Amino acid sequence: MGHHQTIKDAGAGYGRLADRLNRFPQGAPPTELLFKILRVLFSEREASLVSLLPIKPFTDRRAADIWKMPLAEARKILGELADRGILIDSERKDGVIYTLPPPMAGFFEFSLMRIRSDIDQKALAELFYQYLNVEEDFIKALFFEGETRLGRAFVNEIVLTNDNALHVLDYERASEVVKTASHIGVGICYCRHKMEHAGKRCAAPLDICMTFNSTADSLIRHGIARKVDAPECLDLLGFAREHHLVQLGENVQRRVSFICNCCSCCCEALVAARKFGFLNPVHTTNFIPQVIDGNCKGCGVCVSLCPVEALSLVAAGDPGSGRSPSKKARLDEERCLGCGVCVSGCRHGAIGLVSRPERVLTPVNSAARVVMMAIERGKLQHLIFDRQAGESHRAMAAVLGVILKLPPVKQAMASRQFKSRYLEALIKRSIRARRR
């Protein structure tokens with residue numbers, strides 16, 4: 001009841017915008033803090049216009065039709081929104097395609113990825129801190145609803161042995177994301193910039209937030225990120241590892257759009273991991289550390305470096321011997337991300353990486369991830385019946401095409417949620433085809 005009252009009191013434009021944001025799998029709980037944030041980022045007219053935009057990518061002509069205005073006026077508004085990182089515009093051979101990204105990873109971060117004077121970034125950062133670090137609704141919805149996560153951890157490639165390397169797929173390497181990207185942009189770390197305004201920033205590097213491919217292209221053209229080449233970006237990855245930062249990136253195999261170099265004190269995902277224990281906010285790597293008891297000196301360096309408090313020191317000696325017990329490191333596997341930061345910091349060769357018993361599955365692309373998240377969060381209908389997308393049969397066909405490539409369990413969830421005999425028949429046909 002409180003949320004409905006908050007929307008009512010927010011103003012019609014902001015209320016409709018909040019409703020639009022929450023049709024996407026990664027929503028934003030409509031509290032008073034959210035509406036304060038939206039008022040900083042949008043005028044009420046802009047909020048009303050953006051609330052009408054499709055969930056799926058759209059053209060300027062589609063926006064003009066929805067807004068019932070001349071094409072030139074629509075293009076001007078779309079350009080202004082892209083200049084501020086509210087929209088992502090992708091240049092293609094057949095024209096420009098626009099996308100409204102979710103709040104995270106999306107226009108929340110883009111608002112603090114550069115120094116700006118057109119908004120009060122200190123006030124905005126303080127609102128973000130309250131909404132994300134004090135209130136818990138947004139973080140819980142973002143990181144812990146469903147099984148499919150927005151992000152995943154990348155293993156520290158420097159500590160991989162030759163045996164480990166045999167088990168690492170290309171898409172699991174941050175370096176491979178860099179080498180294969182069509183565009184690379186680097187901006188200010190949103191998390192540390194926010195914490196700087198809150199007076200809580202650590203000493204980790206600031207200019208190190210990485211974006212790739214079409215997202216990077218848009219952010220570079222609008223001055224939100226600076227263009228870098230692959231060698232410079234690889235050097236930044238190395239620089240981040242020297243500072244014992246954790247690489248967290250988009251949870252897809254192909255065309256990753258971002259990699260963050262995260263510290264345990266400022267990154268919302270890592271703060272959430274410590275705050276909520278074993279509920280991993282991002283998918284782990286396919287590795288896990290193994291402590292070699294005979295080499296462990298109990299120095300505690302690995303414990304201090306672990307970003308999610310998965311390591312601790314325990315007594316190693318015989319309590320009945322009369323001597324002071326020594327210490328050794330112990331791993332809590334349920335908390336561990338498998339990032340390898342502990343391995344890089346151990347001076348005694350007491351920790352190594354081994355493969356997890358079961359591989360972590362990563363969605364092929366962003367379309368598959370979004371559909372899986374929508375199925376798990378009960379929002380599939382918003383993707384299929386996107387009222388502003390136009391040509392709904394094409395939108396439905398695109399979503400169904402993704403569903404038919406999902407694992408059988410996800411297909412069954414989609415079928416129950418959609419309650420369609422047509423979809424059920426398609427899924428059965430797809431299963432029979434796989435068995436042949």
- the stretch 133-149, residues that are in a loop (DSSP other than H, G, I, E, B), within 18 Å of PHE108 (Cβ to Cβ) and among the acidic types (Asp, Glu): GLU135, GLU136, GLU145
- Of everything in the stretch 63-92 that's within 28 Å of the chain's Cα centre (by Cα) and more than 26 Å from LEU112 (Cα to Cα), which residue is modelled with the highest pLDDT? ALA63
- Those helices (runs of 4 or more DSSP H) lying entirely in the stretch 158-259 with at least 1 residues in contact with a Lys or Arg (Cβ under 8 Å, 6 or more places away or on another chain), hydrophobic (A, V, I, L, M, F, W, C) and not assigned by TED's automatic domain parsing to the domain that holds TYR129: 190-197, 213-221, 230-242
- Message: Among the numbered criteria (1) crowded, with 16+ Cβ neighbours inside 10 Å; (2) of a type outside the set (Gly, Ala, Ser); (3) out of contact with any Phe, Trp or Tyr (no Cβ under 9 Å at 6 or more places or on another chain); (4) not in a loop (DSSP other than H, G, I, E, B), which one does ARG61 miss?
- Response: (1)
- Message: Would you confirm whether or not the stretch 9-29 contains a residue that is of a type in the set (Asp, Glu) and under 26 Å from MET373 (Cα atoms)?
- Response: yes
- Task: Please work out which residue is nearest to the chain's Cα centre (by Cα), limiting yourself to the stretch 215-224 and to residues that are closer than 21 Å to LEU237 by Cβ and of a type outside the set (D, E, K, R).
- Result: THR215
- Note on the structure: Filtering the stretch 72-94 down to residues that are surrounded by 14 or more Cβ atoms within 10 Å (Cβ to Cβ) and without any contact (Cβ under 8 Å) to a residue 12 or more places away in the chain yields GLY79
- Message: Consider the stretch 354-363. How many of its residues are within 15 Å of ARG254 (Cβ to Cβ) and surrounded by fewer than 15 Cβ atoms within 10 Å (Cβ to Cβ)?
- Response: 1
- Item | Matching residues, the stretch 220-272, being aliphatic (A, V, I, L, M), closer than 23 Å to ILE158 by Cβ and modelled with pLDDT of 95 or more | VAL228, ALA230, LEU234, LEU236, LEU237, ALA240, LEU245, VAL246, LEU248, VAL256, ILE259
- Message: As an exercise: evaluate VAL314 against (1) in contact with a strand residue (DSSP E or B) (Cβ under 9 Å, 6 or more places away or on another chain); (2) not assigned by TED's automatic domain parsing to the domain that holds ILE351; (3) not in a helix (DSSP H, G or I) and give the number of the one condition it does not meet.
- Response: (2)
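The values are calculated or read from the model by the stated rules, or taken from the named source; none is laboratory data. Note that the structure is a prediction, hence the values are computed from the model and not measured. Cβ atoms come from the backbone with ideal geometry, glycine included; neighbour counts cover every protein chain shown.
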